[in-house]
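First comes the structure, then the notes that go with it.
Each reported figure results from applying straightforward, stated rules to the coordinates on display, with no laboratory input. The structure presented is a predicted model; accordingly, all values stated were derived computationally and were not measured. Here the Cβ positions follow ideal geometry from the backbone for every residue, glycine too, while neighbour counts run over all protein chains shown.
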There are 2 protein chains.
Amino acid sequence: MPRTPLSRERVLRTAMALADADGIERLSMRKLAGELGVEAMSLYHHVAGKDEILSGIVDLVLGEIELPASGADWKETIRRSAISAHAVFSRHPWACRLVLTTGPSPARLRFMDSLLASLREGGFPPGLTYHGYHALDSHIMGFTLWQGNFPASEDLAALAADFLRDFPTEDYPDLAEHIEQHVGGSGHQGESDFEFVLDLILDGLE
Amino acid sequence: MPRTPLSRERVLRTAMALADADGIERLSMRKLAGELGVEAMSLYHHVAGKDEILSGIVDLVLGEIELPASGADWKETIRRSAISAHAVFSRHPWACRLVLTTGPSPARLRFMDSLLASLREGGFPPGLTYHGYHALDSHIMGFTLWQGNFPASEDLAALAADFLRDFPTEDYPDLAEHIEQHVGGSGHQGESDFEFVLDLILDGLE
DNA sequence: AGGTATGCCATACGCTGTAAGGTGTCAAGC
DNA sequence: GCTTGACACCTTACAGCGTATGGCATACCT
């Protein structure tokens with residue numbers, strides 16, 4: 001029974017699945033190899049090393065992002081793309097952190113160019129395009145990153161309880177209020193928060 | 001010649017200095033111990049483990065941030081604090097990444113509360129305070145994080161040269177323009193970019 | 001002087017990424 | 001049919017990591 005041979009493609013796909021399932025920090029060469037029914041060193045015939053695997057799966061993730069379409073209304077098209085990016089990073093929370101540490105990948109450059117092009121087409125002069133791009137990119141990455149490390153709602157409840165015990169409400173009234181907004185959140189901390197700030201930036205740029 | 005004994009304080013201070021000098025990823029228990037003229041296991045009599053060291057030094061860094069003062073003009077006081085936070089994180093680029101992975105520390109909670117209080121004092125209703133806080137916090141962390149992983153200017157020049165060679169300018173005209181803005185940057189990508197988006201958010205909230 | 005607490009060290013375990021070299025299988029050429 | 005060589009995978013080993021366990025010397029209190 002000959003097993004299907006390895007390939008860069010298969011290695012990266014499996015690595016991505018493993019990162020999604022167990023978290024990126026639990027992804028090791030040995031475990032990835034085991035998942036593929038193979039020993040660790042065999043992977044090195046298809047990828048240069050772990051770094052290449054990491055940048056490889058980041059690129060796969062970035063490729064899932066819907067690029068701002070050319071031609072249409074700049075605000076709406078950028079909005080759609082930003083929300084798509086946020087959704088993609090929410091599906092793969094580890095990717096957001098990796099984008100920062102791995103170098104700029106082809107998919108990243110393509111995204112950057114599309115976003116910049118949309119701004120220019122929207123009539124922004126170079127200077128404002130420059131700043132607008134940074135505002136948007138930093139919001140997409142920063143906010144999502146922040147959200148990805150936010151405790152899951154069950155943990156949050158426990159954490160909030162701890163806090164309210166250790167730090168009496170009367171000393172930190174505003175923080176207590178904020179925490180309650182998170183816990184009892186009408187619309188949990190989800191899409192809407194991201195979009196609120198996104199619109200703030202888009203309207204501000206306009 | 002009795003050496004000065006270890007202490008939690010001394011361990012954390014040295015860890016911080018080492019992180020500043022070599023980068024957080026090069027900070028190991030063995031190296032930290034060596035720096036203190038001691039073996040690795042001796043550290044465990046003063047801190048519970050590496051995680052506690054990490055959250056400890058993050059807390060030290062967060063403590064350096066100037067809190068929004070109570071009473072004054074909300075916009076100006078938040079602006080000052082945000083810029084202070086940005087400056088602090090620029091001094092300790094590793095800290096920004098760690099804030100996300102270590103749990104909320106006392107200094108973090110204090111900062112959150114002050115920021116929230118300033119917004120409330122500025123007349124914001126609970127809902128807008130909630131969103132405004134996230135917009136500001138996410139910008140401070142996200143933007144600074146992004147900036148911290150940005151290639152140093154000498155590397156940037158090399159990277160930009162690589163890019164302009166591999167990806168012909170005519171295929172990615174907007175990206176090429178953006179890169180040139182970074183390289184030849186009138187005011188490099190420094191304080192001004194951070195403040196531009198900060199003001200965008202502050203004005204938007206207002 | 002004896003007991004005990006304190007502060008540090010030595011050893012060891014299981015984990016990591018990966019360099020170097022070995023082994024088995026299979027296709028092409030004579 | 002046999003040899004040759006390429007290819008895919010494996011074995012072993014090394015240096016490093018965080019840390020559990022237990023030992024030892026000093027210093028203080030009774």
*How large is ³J(HN,Hα) for each residue in the stretch A:69-85, as worked out from phi by the Karplus curve 6.51 cos²θ - 1.76 cosθ + 1.60 (θ = phi - 60°), to whole Hz, x for Gly and Pro?*
6, 8, x, 6, 4, 4, 5, 5, 5, 5, 4, 4, 5, 4, 5, 4, 4
_If I model a spin label at A:ALA48 and B:ILE83 as a point 7 Å from the Cα along the Cα→Cβ vector, what separation in nanometres do I get?_
4.2 nm
*Set the Förster radius R0 to 35 Å, insert the Cβ-Cβ distance between A:THR101 and A:GLU170 as r into 1/(1 + (r/R0)^6), and round the FRET efficiency to 0.05.*
0.25
*Springs between alpha-carbon atoms under 10 Å, Gaussian network over chain B: tell me which of B:GLU76, B:GLU177, B:GLU52 tops the mean-square fluctuations.*
B:GLU177
_Radius, Kirkwood style, for chain B when every pair of distinct Cα atoms is counted (Å)_ = 19.5 Å
_Axis-proximal residue, chain A, for the rotation superposing A on B (Cβ, Å)_ = A:GLY142, 1
*asked:* If Rh is defined by the Kirkwood formula over all Cα pairs and Rg also comes from Cα, what ratio Rg/Rh do you get for the stretch A:1-118?
replied: 1.06
*Report, for A:ALA72, each distance to the same residue's label point in the other copies, shortest first and in nm; define the point 7 Å along Cα→Cβ.*
4.5
*Mind grabbing the base-10 log of I(q)/I(0) for the stretch B:52-97 at q = 0.15, 0.17, 0.20, 0.22 Å⁻¹? Debye formula, identical points on the C-alpha positions, no solvent, two decimal places.*
-0.41, -0.51, -0.64, -0.72
*Summing Lys, Arg as +1 and Asp, Glu as -1, what charge do residues with Cβ under 9 Å from the Cβ of A:HIS92 carry, A:HIS92 excluded?*
-1
*Size of the stretch A:29-69 as Cα extents on the principal axes (Å, biggest first)*: 44, 18, 12
*Point-to-point label distance, A:ARG30-B:ALA72, nm (Cα→Cβ direction, 7 Å offset)*: 5.5 nm
*Going by average Cβ neighbours within 10 Å, how do the peptides A:160-167, A:59-66, A:16-23 rank, with the highest at the top?*
A:59-66, A:16-23, A:160-167
*Beyond 32 Å, what share of the Cα-Cα pairs of the protein assembly as shown is found? Please give it as a whole percent.*
42 percent
_Ascending list, in nanometres, of distances separating the A:HIS46 label from those of the other copies (7 Å, Cα toward Cβ)_ = 4.8
_Most fluctuating residue given options B:PRO104, B:PRO68, B:PRO125, as computed from a GNM of chain B linking Cα atoms under 10 Å_ = B:PRO125
_Springs between alpha-carbon pairs under 10 angstrom, Gaussian network model over chain B: which of B:SER55, B:SER70, B:SER153 fluctuates most?_
B:SER153
*Given a Förster distance of 30 angstrom, what is the FRET efficiency for B:GLU121 paired with A:LEU159, based on the Cβ-Cβ distance and rounded to 0.05?*
0.70
*asked:* So the label point sits 7 Å from Cα along the Cα-to-Cβ vector; using that for A:ASP199, what distances do you get to the other copies, in nanometres, sorted shortest first?
replied: 2.5
